[in-house]
Structures are given as structure tokens and as C-alpha cells.
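Each remark here refers to the structure printed beneath this line.
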Amino acid sequence: MKKFFAAVCAAVMVLGSTFTAFAAPSSTTANVTIGTATVKEATAEGTSAKVEIKTEVDSKAKDTIKEAVVEKLLKTDSKAKAAEVLTMVDVKVAATAEELAKGVKVTFAVDGIKSKSNIKVLHYVDGNWKEEKVNSVAYGKVTATFYSFSPVAIVEVETEGTTSDGTGVGFSTLSLIAAAGLAGAVVCGKKKSN
């Protein structure tokens, strides 16, 4: 009976160690980093106008981006735990009022974006950051729809169960070692009793 009880306790311990406990996400700017990626190219769909990209961004937009990421992205998604502002640029497209009313899709070519990355696009409008609809994310590219143009921040959000490269988190090494130890104890225990 003691061996059975010991085996049950060991099994519970092994299973318990495979589950990850998550603390409530912190809602501070300490979870937001500013990256150094650059926009290599930007193209527009829905207009014949050319996209102009400037790396100089309004100082108020720069000063408020971390707080905006926390408020708009981290606090609104219970699984979000951290974010990196990959890049911030000032976007200008001389689209017509009719084209803007329909929405202009802009594709940004940015290093560091992977097809499984959780990419968000924030747009600085009238002194406030707002989230724009992301149409697609592919390796090195993100496409979003805009109805006006001004500073834009491209943000990668890390969620529970994923790492910054977009892959899932598997079993820990400690859990695998514990499982192997339990299996060895069961086999050795059966050999002694025979």
C-alpha cells in the first residue's frame, strides 16, 4: 500500500509540475520595449498615391507610445504579457478624400516580423493613439487599413503560451526528468516485488 501511495504522490507531483502558473499581467510600461527595426518599404493599395515614410516622429507621439501600448493592447487582452514597439514612423499618403473614406491598405516591410507574430498597428490621431485593423501578417510584412495618415507604431505583442518568435511553449525539462524518474521507480519497484 505504501508503494501505491508513493506512486500516486509522485504522479500528482509530475503532473503538477507540467502546469505553468501565470501571475496577472502587469499593467506598467516596464513590459513595453522600444525596438530598432526599420521600415524597408511601404506600399499602398486602394490609391495610386505613393507612400512616404519618415523616421522623425512627433515628440508627443514618442513620449506617449509606451503608455498607449499598455492601455490599448496589454490591458485589453488578458493573455498579453509584454510588447515590443518594433518601429515608429510618420506615414504620408496623398490619397483623395474618397479613397480615404473607403480605407487605404498599407503594407509595411519590417525586419523581425514572422508569419505567426502577434502584430498590432497603432496610429497617432488627434493627439491619441488608436489601434488600426491589421489585415494580414506575413514573414517580414504587415498590412493595415487607414482612413487618415500620421505617425504609426508597429507593435509585437507577446501572449501567454507564446514566445517572442511566435512559437508555443512546451513541457519543461524538469517535468520530463521527473516523468523518467517515476517510470524508473515503477519498473524497479515491480522487479523487486517479483
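The values are calculated or read from the model by the stated rules, or taken from the named source; none is laboratory data. Just so we're clear, the structure is a prediction, and the values are computed from it rather than from any experiment. Counting neighbours? That spans all protein chains shown, and the Cβs are built from the backbone with ideal geometry, glycine included. For accessibility, only protein heavy atoms count, side chains too; no ligands or nucleic acids. Shrake-Rupley method; radii C 1.70, N 1.55, O 1.52, S 1.80 Å.
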Where Lys and Arg each count +1 and Asp and Glu each count -1, what net charge lies around ALA80 among other residues with Cβ under 13 Å from its Cβ?
-2
Given a 1.4 angstrom probe, what's the average accessible area per residue across region 80-158, in square angstrom?
42
Residue separation times 0.36 nm, minus the C-alpha to C-alpha distance between SER150 and THR76: what's the value?
24.3 nm
Which of the lysines could a cross-linker bridge to LYS141, judged by Cα under 19 Å and excluding same-chain residues fewer than eight apart?
LYS40, LYS50, LYS54, LYS92, LYS105, LYS114, LYS116, LYS120, LYS133
Net charge over other residues, Cβ less than 12 angstrom from the Cβ of VAL39 (K, R count +1; D, E count -1)
-1
One-quarter of the Cα convex hull surface for region 38-158, in nm²?
6.9
Would you please state which residues of region 75-94 a label at ILE34 would reach in this model, taking the label point 7 Å out along Cα→Cβ and a backbone N cut-off of under 13 Å?
85-89
